[in-house]
Amino acid sequence: TADLERSDYAANLLKEGKVDSVLILGRRSFRDRSNSEFYAEDFMKLGSFDSNAVFLVPHNDPSTISEAYSLIPWLKKHEIDTVLLLTDAASTYRVKRIFQKLSGKSPVYITKDIHHVLYNPSCWYNNRESRKNWLRSWASLFASYIDIFNSDTLEAADSSYYKPIRSYAEYKREVRSNVNLQKLLPKIEDKIKTESEKEAVKDSTKAQEKS
């Protein structure tokens, strides 16, 4: 949700040294921007983290299976042995099964249910939105059995990145390199000139009042 509960949970794990890196997924939101950029900016405010241990995963994937196709080759390329997948209660089994099926023996996946305001697993039947979520999740699970029934195990070479996965440090370097100082300087100079003129008018007005 907008409260970014998954980010908070991952940040605490990173602070406590229980994980060594965090991947932040985010769908494309503008022409050349992704929500992963906004999530990462917020995440870095939650603690003093190594910017080389936080990774942005910009994607345009419509489903968990598509996300798996984007992520698994990168995980295998970097020889990641264990992955904690943060998701909601209704999706934990399906998400783990999809990633494990497409990965084969490695990495090993663990799932963690992060509370969602629209779904409470202990009393989902009492809330309309929870019932809808429950039904969608079961339908998605059944569909996933068909979708990946005859799928091969993904390897490091099977890249299907929408955009390269990069660390927060790389992202910040890229952002800084895209800032055109030559275009900014005239604007800054105009701002200074305008403020100076305002101050001059104020000083002139004060001088006239005294006289």
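The values are calculated or read from the model by the stated rules, or taken from the named source; none is laboratory data. Just so you know, these numbers come straight off a predicted model, no measurement behind them. Neighbour counts run over all protein chains shown; Cβ positions are idealised from the backbone, glycine included. The protein model used for the area step is the full one, side chains on, heavy atoms only, and it has no ligands, DNA or RNA in it. Shrake-Rupley method; radii C 1.70, N 1.55, O 1.52, S 1.80 Å.
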- Query: Which of the residues that make up the stretch 1-41 are outside any loop (DSSP other than H, G, I, E, B), more than 24 Å from Pro62 (Cβ to Cβ) and open to solvent by 40 Å² or more (accessible area, probe 1.4 Å)?
  - Reply: Asp8, Tyr9, Asn12, Lys15, Glu41
- Message: Against the conditions (1) at pLDDT 90 or above; (2) in a helix (DSSP H, G or I); (3) buried (at least 18 other Cβ atoms within 10 Å of the Cβ), where does Ala90 fall short? Just the number, please.
- Response: (1)
- Item | Number of positions in the stretch 91-128 that are hydroxyl-bearing (Ser, Thr, Tyr) and at positive phi | 0
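Kindly indicate whether Thr64 is among the β-branched types (Val, Ile, Thr), over 15 Å from Ala11 (Cα atoms), without any contact (Cβ under 8 Å) to a residue 24 or more places away in the chain and buried (at least 16 other Cβ atoms within 10 Å of the Cβ). Break it down stepwise before answering.
Numbers: among the β-branched types (Val, Ile, Thr): yes; over 15 Å from Ala11 (Cα atoms): yes; without any contact (Cβ under 8 Å) to a residue 24 or more places away in the chain: no; buried (at least 16 other Cβ atoms within 10 Å of the Cβ): yes.
Considered against the rule, which asks whether it is among the β-branched types (Val, Ile, Thr), over 15 Å from Ala11 (Cα atoms), without any contact (Cβ under 8 Å) to a residue 24 or more places away in the chain and buried (at least 16 other Cβ atoms within 10 Å of the Cβ), Thr64 comes out as no.
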- Task: Out of the residues in the stretch 118-128 that are assigned to a helix (DSSP H, G or I) and over 17 Å from Thr87 (Cβ atoms), state the one that is most open to solvent (accessible area, probe 1.4 Å).
- Result: Arg128
- Query: Within the set of pairs 6+ apart or on separate chains, which have a first residue in the stretch 31-43 that is closer than 15 Å to Ile165 by Cα, a second that is in a loop (DSSP other than H, G, I, E, B), and C-beta atoms under 6 Å apart?
  - Reply: Asn35/Ser29
- Starting from the stretch 69-90, take each residue that is farther than 20 Å from His59 by Cα and list its partners that are hydroxyl-bearing (Ser, Thr, Tyr), counting only C-beta distances under 8 angstrom and pairs at least six apart or across chains. Asp81/Ser106; Thr82/Tyr109; Ala89/Tyr119; Ala90/Tyr119; Ala90/Ser137
- Query: When Ile80 is evaluated against the numbered criteria (1) open to solvent by 20 Å² or more (accessible area, probe 1.4 Å); (2) under 17 Å from Leu154 (Cα atoms); (3) part of a helix (DSSP H, G or I), which criterion, by number, is the only one it fails?
  - Reply: (3)
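When the stretch 129-142 is examined, which residues are found to be within 30 Å of His78 (Cα to Cα) and buried (at least 17 other Cβ atoms within 10 Å of the Cβ)? Full working, then the answer.
The initial filter retains those residues of the stretch 129-142 that are within 30 Å of His78 (Cα to Cα), namely 140-141.
Ser140, the sole residue that qualifies.
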- Message: I'd like the residue in the stretch 143-170 that is of a type in the set (S, T, N, Q) and either at pLDDT 85 or above or under 30 Å from Tyr119 (Cα atoms) (or both) and, out of all such residues, is surrounded by the fewest Cβ atoms within 10 Å (Cβ to Cβ).
- Response: Asn150
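Within the bounds of the stretch 171-193, is there any residue that is part of a helix (DSSP H, G or I) and at pLDDT 90 or above? Spell out the reasoning first.
Initial filter on the stretch 171-193 (part of a helix (DSSP H, G or I)): 171-177, 181-193.
Filter again for at pLDDT 90 or above, leaving 171-172.
There is at least one residue in the stretch 171-193 that is part of a helix (DSSP H, G or I) and at pLDDT 90 or above.
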- Scan the stretch 93-117 for residues that are within 20 Å of Glu129 (Cα to Cα), assigned to a loop (DSSP other than H, G, I, E, B) and open to solvent by 40 Å² or more (accessible area, probe 1.4 Å) and jot them down. His115, Val117
